[in-house]
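These notes are about the structure you will find just below.
The values are calculated or read from the model by the stated rules, or taken from the named source; none is laboratory data. Quick caveat, the model's predicted, so the values are computed rather than measured. No Cβ is skipped: glycine too gets one built from the backbone with ideal geometry, and neighbour counts run over all protein chains shown. These accessible areas exclude ligands, DNA and RNA; they are computed on the full protein's heavy atoms, side chains included. Shrake-Rupley method; radii C 1.70, N 1.55, O 1.52, S 1.80 Å.
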Amino acid sequence: MISRLMILCSGCLVLFAVTALGFGPAVPQARELSTTMSTPGWGVEVGRADASDVGELLADQNTLRLALSRIRTITAKELGTERQRALLGIESEGMSLAELLTKAQEWWKDKIEGPMERIAGNPAASCAESQAMLSLLLGNERQKALLGIEGMGNLEMFTGTIATSVKQRCREEKLDECNATGRFKQIILWALLEERQGGLLGAEGDDGVWMKDALTECANYELHYVSTTKVDYDLKLDSVIDGRIPLKFKPNEGGLYAQLSDIKIEGETNSDVNPFLQSIKCVTEGITTTCGPGASILKTAFSAILDMEMKYREDYLDENGLSKSRVVGDNKLKIKFSPSMHSTSLVTKAMKDIPSMTLPNLEVGATGFWIAHKNSRTGPLMVAFDETERGVYPILFEFTRTGGDTEEDVTAFDTTKFELIHKPKKKPFTKAPTPPRRVVRGKL
């Protein structure tokens, strides 16, 4: 049905239809939307989007840019004459008012709403470019009213096709960035933003389901460490232990806010040969001493990411609507670490005529590390390290911690090299169907 406002603005509609369908003068290009991609989006980088998606994005951005420019030109014109014709029922340019209304609505769907829907869901678009379509949708409702085209309700604007596509596109971008770089905080922040916006609009959220799925896929890491430890008491004990700890997101019970209260990315070694005792050497003055060579694990190694910040690329639109990117943030890592404890045998021979003696259960690893890094302790056999040395992907951080101290007449020195490696478990991409293009007669 044609609203009262549409009847009152029928003069606007006549001029809009005449110009939009190709009978009006040419207009200068608009500046609201970019027609170039300065930086490929994460969808392009991880393979979610291909060259055809990039081409579609640029074509739709250009179509929309020109259409918006045409609308601004139309609404800025004097409309008095056309209003009088409409009120008197006089046909304009051979078209009835009803025909003009139909053509204008078709043109709007083809040149405005169609490109907006496709841009919002295009995997080559950045989240910022997609979000711009939702902002544009809200602003265009006023333009539709001025031009006599029936608009949509407030709830439809926030729950319709464009809003749904924006939500999905931004979710995909946050996940793609995590899979490509190892950074995961943007997933948490987006899930929180969605929940708050849904609460304001009275819409139901997913209560953290998407966030848990995304973090389960991409927030997977491995802490590789090589620890060289020297312990000196009645026995001098040198050892080298090589371990790899898988770290992964562990969801809690409950909804989003229960999840956010305690994000856990942690893990421990899980085999009889990991960590591996690479070498061991025992020395006691005056006594022939031999250790190992094998060892069994008494205690597994454990680690958790307490905090991780990384410099990252932020995609945004500048004041002219051009797609830009910048590097923001800091590099920061805080981990909790508990070393493994190994048990090996000690064989001694004090004198030539006395048989050798085997002493089982010589402890290697944990105690020496614990004493050496006394200043970093946070709990029983647990230390915490703050480091900011970035590596080259997939190594996110690499650093070396050296310590030495004495406790109860036992002196220990340790040097441990750490590498935090990203190991995402990527799922295959599911490409969303592209909204169809409408063909409308007439030129823009």
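Within segment 191-199, one or more residues are more than 29 Å from residue 383 (Cβ to Cβ), open to solvent by 40 Å² or more (accessible area, probe 1.4 Å) and touching a residue at least 40 places away in the same chain (Cβ under 8 Å).
Total residues in segment 207-257 satisfying the condition of being under 18 Å from the mean Cα position of the chain (by Cα) and free of Cβ contacts under 8 Å to residues at least 12 places away in the same chain: the figure is 2. Restricting segment 157-178 to residues that are among the aliphatic types (A, V, I, L, M) and closer than 27 Å to residue 425 by Cβ, the residue that is modelled with the highest pLDDT is 175.
Among residues of segment 174-186 that are over 12 Å from residue 217 (Cβ atoms), those with a Cβ under 8 angstrom from a residue that is assigned to a helix (DSSP H, G or I) and at pLDDT below 95, sequence gap 6+ or separate chain, pair up as 177/42; 180/42; 180/45. When the residues of segment 352-404 are narrowed to those that are aliphatic (A, V, I, L, M) and more than 28 Å from residue 296 (Cα to Cα), which ends up most open to solvent (accessible area, probe 1.4 Å)? Restricting to residues being aliphatic (A, V, I, L, M) and more than 28 Å from residue 296 (Cα to Cα), the top hit is 392.
Inspect all residues belonging to segment 294-316 and state whether any of them is of a type in the set (D, E, K, R), more than 32 Å from the chain's Cα centre (by Cα), surrounded by 15 or more Cβ atoms within 10 Å (Cβ to Cβ) and on the phi < 0 side of the Ramachandran plot. So far as segment 294-316 goes, yes, one or more of its residues are of a type in the set (D, E, K, R), more than 32 Å from the chain's Cα centre (by Cα), surrounded by 15 or more Cβ atoms within 10 Å (Cβ to Cβ) and on the phi < 0 side of the Ramachandran plot.
Got at least one residue in segment 119-135 being part of a helix (DSSP H, G or I), modelled with pLDDT under 85 and either touching a Leu at 6+ places or on another chain (Cβ under 8 Å) or open to solvent by 20 Å² or more (accessible area, probe 1.4 Å) (or both)? Within segment 119-135 (the criterion being part of a helix (DSSP H, G or I), modelled with pLDDT under 85 and either touching a Leu at 6+ places or on another chain (Cβ under 8 Å) or open to solvent by 20 Å² or more (accessible area, probe 1.4 Å) (or both)), the answer is yes, since at least one residue qualifies. Name the residue that is modelled with the lowest pLDDT, counting only residues in segment 202-235 that are aliphatic (A, V, I, L, M) and within 30 Å of residue 283 (Cβ to Cβ). So, considering only residues that are aliphatic (A, V, I, L, M) and within 30 Å of residue 283 (Cβ to Cβ), the one modelled with the lowest pLDDT is 235.
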